[in-house]
Structure formats: C-alpha cells, structure tokens
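Chemist: Attaching a single structure in structure tokens format; questions to follow.
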Amino acid sequence: MPELPEVETVRRTLIELVAGRTIERVTVTLPRIIQRPAEPEQFADMLAGRRIETVERRGKFLRIVLDELVLVSHLRMEGRYGLYKSDEPVEKHTHVIFHFTDGTELRYKDVRQFGTMHIFLPGEEFQYPPLNKLGIEPLDGVFTPESLRSALGRRTTKIKPLLLNQQYIVGLGNIYVDEALFAAGIHPERTADTLKKDEWIRLHTAIVETLGRAVEAGGSSIKSYVNGQGEMGLFQYSLQVYGREQEPCRRCGSVISKSVVGGRGTHVCIQCQPLGKSRSTAARKASSGVLPAVREEGRKGKQTANPVRKHFGNL
C-alpha cells in the first residue's frame with residue numbers, strides 16, 4: 001500500500017499534470033470505487049464542468065480540490081493515476097476516467113480494485129469518514145517529540161502497531177515504521193510505556209528524517225508503485241531493514257530477522273534494536289500487587305458511564 005512518501009509524490013505529480021484543467025465529463029466502470037455520493041451517475045454529474053484547483057494530502061489520502069467541491073481519493077493497495085490523450089488505448093483495470101475539455105484524460109487504474117473516492121463540499125471532508133478520525137501529520141510542525149509521547153506514551157501496546165494506527169500518527173505503513181524503529185534503535189515489540197524520554201526524541205527524529213528522505217527519493221517502489229508520470233521511486237535502494245531478512249545489517253553486520261508483530265511482517269536487527277527485559281508499567285504494577293486504575297474502580301463498584309448539496313440528501 002502506498003504510504004505517506006508515495007502519496008505525497010503522487011500529489012506533487014498530479015499538481016503538475018492536472019491543476020487548472022476543467023472536467024468535461026466522467027466515466028465510471030467500477031461503481032464500488034465511488035463511495036460518496038451513493039450513485040456513480042451522481043458522482044459524474046457533480047464533477048462535470050468543475051475545474052481542478054490543486055491537489056493536497058491528508059495522511060495516505062489525496063484531496064483533489066475543485067471549485068466548490070473536494071474529491072477525497074484513497075489509492076489503497078495498487079491504485080494509480082495517469083494523464084493520457086483521449087485517443088490513447090485505455091488499459092485494462094482502468095475504472096474511472098476524468099475527461100478534460102482540452103482533450104486529455106486523467107485515468108484511475110486499480111488492479112486490486114480496493115481504491116475509494118468520496119465527494120464533499122469544502123470543509124465537510126474533515127467531519128466525515130474517511131478523514132474525520134485521522135491523527136497527527138508527521139511532517140507538520142505540530143508533530144514534536146512531546147506530541148508523539150503524549151499520543152502514545154502511556155499505552156501498554158507494542159510500539160509498532162501503535163505507529164501503524166492512523167488515528168494516532170498518519171501516513172506511516174509497514175515499510176517506514178520498520179525503517180524508523182531501526183534508525184531509532186527501538187525494537188518493534190517494546191511496549192510504548194517502556195520507552196524513555198531520549199527514546200521518544202530519537203523515534204521522533206527517525207520518523208521525520210526517514211519520511212523526509214523517502215519523499216525526496218520519490219517513495220519506494222517495492223511492488224507496483226509508480227507516480228503519476230509512470231516513474232518509480234528510489235528509496236527502496238536505501239532501505240536498512242525492510243525486505244532484507246537474512247541479509248547483514250549495514251550498521252553492525254548481524255543478520256536481519258523477520259517476524260510477525262501486530263499481524264504484519266516485521267524486520268529487525270536484534271543487535272541494533274535490543275528487546276531487553278523492560279516490562280510495561282501495567283505489568284510492574286500487577287506484579288507488585290497494585291491494580292490498574294480501571295480495575296480498582298471496578299472493585300469499588302464504580303461505573304463509567306448550496307445547489308450541489310441536493311446530491312447528498314440520501315447519503
């Protein structure tokens with residue numbers, strides 16, 4: 001699945017390719033990709049005559065900003081965009097075509113057919129799925145060691161699944177979580193509440209620097225990823241652990257191992273990322289006879305208690 005660097009690269013490419021073009025009509029051949037509005041015919045009708053102003057990103061989602069509308073697009077596993085002339089043959093697995101008034105077409109191709117598209121009025125996209133519950137942008141100024149620690153630091157879950165959870169930090173997927181944890185010297189099975197202040201600082205730095213270098217390299221073309229101009233990313237040639245199981249660590253020479261953490265294939269150098277014997281705060285309290293607050297409360301018996309708008313009428 002494209003992660004933040006790949007989606008950011010697609011965003012930059014699409015701005016060059018389609019910003020300023022006007023949509024004449026839209027063809028949809030796989031209706032389930034269109035999630036909002038309910039009918040593909042409504043989708044096409046709403047976009048006809050609209051001008052693409054710019055393309056922005058939120059996490060792993062593209063925000064194609066038009067006059068009076070916003071199209072939110074998720075590429076999922078293998079979705080990709082490309083600009084073509086209208087007389088060029090349409091490739092297999094092309095499911096949505098935006099026909100422009102200048103005779104060019106923006107075509108959306110998706111072999112796995114998992115991609116999604118939603119249309120919103122400007123500003124509404126942040127109030128509804130799929131953007132309404134996303135976490136901090138790791139390349140924004142609000143992302144600091146303190147905000148990272150505040151979001152995750154008290155949790156007794158393993159650090160890797162937490163970093164993959166888009167409700168906390170957006171844009172990170174399997175590739176860049178493995179790479180950032182290696183750069184920070186943190187084992188992916190460490191629980192978040194065992195990390196010390198200096199480790200949070202190292203992890204924050206590793207996330208920002210890893211993503212930044214990947215964006216500059218155009219992302220990682222591990223499988224089928226290419227940008228909107230059909231170009232591969234180059235960051236895969238700089239990967240330190242991901243996809244390198246049984247190869248020597250470039251830092252210490254130990255063999256890179258692969259295991260499953262949080263249901264995901266995970267690459268680690270156990271020499272550079274020692275697991276150690278640290279235990280979570282909850283585990284230490286349990287072993288000392290101190291129950292977590294929620295269990296203590298349970299023992300005490302406490303309980304915790306515009307014209308275009310017409311198209312959204314039945315959503």
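The values are calculated or read from the model by the stated rules, or taken from the named source; none is laboratory data. Owing to the predicted nature of the structure, the values given are computational and were not obtained by experimental measurement. Counting neighbours? That spans all protein chains shown, and the Cβs are built from the backbone with ideal geometry, glycine included.
Chemist: Of everything in the range 12-58, what is under 21 Å from ARG112 (Cα atoms), buried (at least 20 other Cβ atoms within 10 Å of the Cβ) and of a type outside the set (A, V, I, L, M, F, W, C)? Give them in sequence order.
Modeler: Listed by number, the list holds a single entry, ARG36.
Chemist: Could I ask something else about it? Is it the case that THR101 is among the polar types (S, T, N, Q), under 18 Å from the mean Cα position of the chain (by Cα) and surrounded by fewer than 20 Cβ atoms within 10 Å (Cβ to Cβ)?
Modeler: When the stated conditions are applied, THR101 does not pass them.
Chemist: Filter the range 36-49 down to residues that are within 23 Å of THR104 (Cβ to Cβ) and either touching an Asp or Glu at 6+ places or on another chain (Cβ under 6 Å) or small (Gly, Ala, Ser) (or both), then give me how many there are.
Modeler: Count: 3.
Chemist: Another question, then. Which of the following residues is modelled with pLDDT under 95 and under 24 Å from GLY265 (Cα atoms): ARG213, ARG202?
Modeler: ARG213
Chemist: Would you point out the residue of the range 111-127, among those that are more than 17 Å from the chain's Cα centre (by Cα) and either of a type in the set (S, T, N, Q) or under 21 Å from PRO31 (Cβ atoms) (or both), that is surrounded by the fewest Cβ atoms within 10 Å (Cβ to Cβ)?
Modeler: The residue in question is GLN127.
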